[in-house]
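The values are calculated or read from the model by the stated rules, or taken from the named source; none is laboratory data. Quick caveat, the model's predicted, so the values are computed rather than measured. Here Cβ is always computed from backbone atoms with ideal geometry, including for glycine, and neighbour counts include all displayed protein chains. Accessible surface areas use protein heavy atoms only, side chains included; no ligands, DNA or RNA. Shrake-Rupley method; radii C 1.70, N 1.55, O 1.52, S 1.80 Å.
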Amino acid sequence: MPLRFPKDFLWGVATSAYQIEGALHEHGRGPSIWDNFCRQGGRIARGDTAETACDHYHRYREDVALIAGLGVGAYRFSIGWSRIQPDGTGVPNRQGLAFYSRLVDELLARGITPMLTLYHWDLPQALQDAGGWLNRDTAERFAEFAQLMARLLGDRVPHWITHNETFEHTVLGHALGTHAPGLTLGLDCFAVVHHLLLSHGQAVQALRANLPAQAQVGIAQSMAPARPATDSAEDRSAAALLHLLHERQHNEPLLLGRYPDELAALGLDLSAIRPGDLATIAQPLDFFGINYYNPNHVQATPPGSPVPLREAEAPAHYERTEMGWPIIPQGLTELLLDLRQRYGEKLPPLVITENGTAVPDALDAGGCVDDPRRIDYLDQHLLALRTAMDGGVDVRGYFVWSLLDNFEWAEGYRPRFGLVHVDYATQRRTPKRSYHWYRDLIAAQG
Ligand code: FCB
C-alpha cells in the first residue's frame with residue numbers, strides 16, 4: 001500500500017539558481033560571491049565551477065518537461081539576484097528578468113505552481129564588496145530586490161520564500177569559511193544572522209505590499225535535531241548549545257519576535273540589533289519551510305578552545321549517504337513534533353521544502369540509473385513525515401531535493417542528489433528509477 005497524504009498536499013521538487021543554471025556571463029548577469037569563491041584555488045573539490053552546471057539557463061524547457069512528467073504540483077527554484085541586479089542595486093536587467101519570466105510561463109503552461117526563493121546564497125559580489133551581510137544596508141538592498149521580483153512575477157507566482165537556510169549560510173559562509181564568501185568569523189558572526197533575519201522581515205513587508213492578497217509568503221530553514229556524541233555532561237551541553245545557535249537563534253526571532261536570552265549570556269556581540277528590528281523580523285508567515293537531511297551529532301571541545309563544540313561522527317551503525325551524512329528518518333518525526341510542542345500556535349503550517357539524498361549513481365549498460373538507496377531514503381522519510389502528521393503536525397507539502405544532479409557547492413559535482421541523472425559532458429538528462437517511483441507515488445494519491 002502506498003503512503004497516503006491529504007488530497008490537497010503539495011508535491012514538488014526543488015533546485016537553486018547557482019547550482020543548475022550555468023551561463024554565468026550571459027545577458028548582463030553580474031558576478032556573485034560564488035563566482036569569486038570558485039575561482040579561489042582549493043575551495044571547491046576537484047576545482048569544479050558552476051560555469052556550465054546543468055546548463056539549465058538554456059535547457060529550462062526540457063527541465064520543465066521533466067518536472068511535468070513527474071506529475072508534481074509545484075516546483076521550487078531560486079532567482080540569481082545578480083542576473084536581475086548585476087551590482088545588487090538599481091535598475092533591473094531586462095534580460096535577466098526575461099529569463100525568469102519565461103521560466104514561470106513555461107511552468108504555468110504545464111500546470112506546475114511556481115514556488116520562488118529570492119535568495120539561495122548567491123549574493124551579488126558588489127554587495128559583498130560593500131560588507132555583504134555584515135553590512136546592515138544589505139537588508140535594504142534585499143527588500144528592494146524583493147519588491148522588484150514581486151512587481152515582475154507577483155501576478156503569476158503564488159508561493160514566495162525569502163531566504164534559504166540562514167543558519168547554513170551564516171555558518172558555512174561566514175563562521176567556517178567553507179562556502180562563499182569564505183569568511184572565518186567563528187562565533188563572531190551574529191551581525192550576519194541578524195541582518196539576514198532583518199532582511200527577511202523587510203522583504204516580507206515588500207512582498208506583502210506588492211503581491212496579491214492571496215500570495216503565500218514564507219522562509220525555508222534547515223532543521224536538524226542536535227544529538228550529543230556521547231552521554232557525557234560536556235557533550236550534552238554541546239548539543240544544547242548547537243540547538244541554541246542553530247534552531248533557537250534563527251527561528252525564535254522569526255516566530256516569537258525575540259532572541260533567546262542565552263545568547264547574551266554566551267558573550268555574543270548583539271550590538272547589531274536596533275530598536276524595532278525584532279518586530280520587523282517577526283512578520284506573520286503563511287508557511288514555514290523546513291529543509292531536513294539528518295540530525296547533527298556534536299561533541300564538546302577541550303576547555304579553552306575558541307569554539308566550545310565541534311561536529312562529531314554519527315554512531316557507526318547508521319547507514320551513510322554519499323555526503324557522509326547518517327540516514328535517520330526518525331529525526332524528521334522528532335523535529336516536527338518538537339517544533340509543534342515548542343512553538344504551539346505560533347508555528348505556521350509547515351512545508352518540507354527540501355529532503356533527499358546523494359547516491360553514487362551511474363548509468364548502467366542499458367542506459368538506466370537504478371537507485372534503490374534513494375527510493376528507500378525518500379520512502380522512509382515520507383513515512384516519518386506521515387507519522388508526524390498523524391501526531392498532529394500541520395504539514396502542507398513536500399519537495400524532493402533535487403530535480404537534477406547539480407553543483408553541490410564546495411563538494412562540486414561528485415554528490416548526485418537528482419531524481420534525474422545529468423551527464424555533465426553531454427548535458428544528457430536521464431530520469432532515474434527514483435523519478436519513476438516518485439511519479440507513481442504521486443499518481444497513487446489520486
Ligand atoms: C541544502 C541546500 C541545498 C543543497 C542541499 C543538499 O543545505 O539548501 O542547496 O545543497 O543542502
Selection from ALA213, GLY132, SER199 lying farthest towards where the dipole of the chain points positive, charges on Cβ: ALA213
Equivalent ellipsoid semi-axes - Cα gyration tensor, the chain, angstrom: 30, 27, 23
How far is it, in nm, from the label point at ARG39 to the one at LEU108 when both lie 7 Å from their Cα along the line to the Cβ? 3.7 nm
Put a dot 7 Å past each Cα toward the Cβ at TYR343 and LEU270; how far apart are the dots in nm? 2.0 nm
Of MET149, ILE84, VAL104, which is farthest on the positive side of the dipole of region 76-176, counting Cα position, with +1 on Lys and Arg Cβ, -1 on Asp and Glu Cβ, and the Cα centre as origin? VAL104
Rank these residues by their accessible area, most exposed first, probe 1.4 Å: LYS346, LYS432, LYS7. LYS7, LYS346, LYS432
Compare THR89, THR113, THR426 in a GNM of the chain, Cα atoms joined below 10 Å, and give the one with the largest fluctuation. THR426
Dividing the mean separation of Cα pairs under 8 Å (6+ apart) by the residue count of the chain yields a relative contact order in percent of 18 percent
Scan region 307-361 for GluC sites (Glu not before Pro) in coil per DSSP, keeping those whose Cβ has at most 12 other Cβ atoms within 10 Å, and list them by number. GLU313, GLU319
With each pseudo-label sitting 7 Å past Cα toward Cβ, what's the GLU311-ASP261 distance in nm, one decimal? 3.4 nm
Amide H neighbours of LEU309 under 5 Å, at least 5 residues apart or on other chains, H built in the peptide plane: list them. THR301
In cubic angstrom, how much convex hull volume per residue do the alpha carbon atoms of region 42-130 span? 116 Å³
Give the distance, in whole Å, between the Cα centre of region 1-77 and the Cα centre of region 137-184. 16 Å
So what J values fall out for region 301-309 if you push phi through Karplus, 6.51 cos²θ - 1.76 cosθ + 1.60 with θ = phi - 60°, rounded to Hz, Gly and Pro as x? 9, x, x, x, 5, x, 10, x, 9
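What dipole magnitude, in Debye to the nearest 20, does region 303-443 give about its Cα centre under +1 on Lys/Arg Cβ and -1 on Asp/Glu Cβ?
It comes to approximately 280 debye.
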To the nearest 10 Å², what's VAL171's accessible area with a 1.4 Å probe? 40 Å²
Cleavage-rule hits (trypsin sites (Lys or Arg not before Pro)) in region 166-269: DSSP loop, at most 15 neighbouring Cβ within 10 angstrom: ARG258
Would you grab the residues whose amide H sits under 5 Å from the one on MET115? Only those 5+ places off in sequence or on another chain, please, with H modelled 1.01 Å from N. TYR75, ARG76, PHE77
Only Lys, Arg (+1) and Asp, Glu (-1) charged, at Cβ; the chain dipole about Cα centre in debye: 900 debye
Regression test value, accessible area per residue of the chain, probe 1.4 Å, units Å², expected 38 Å²
May I ask you to list the chymotrypsin sites (Phe, Trp or Tyr not before Pro) in region 313-395 that are in a DSSP loop and have at most 16 other Cβ atoms within 10 Å of their Cβ? TYR318
Once amide H atoms are placed 1.01 Å from N in the peptide plane, what residues at a sequence separation of 5 or more from LEU350, or on another chain, have their amide H within under 5 Å of its amide H? PHE288, ASP394, VAL395, ARG396
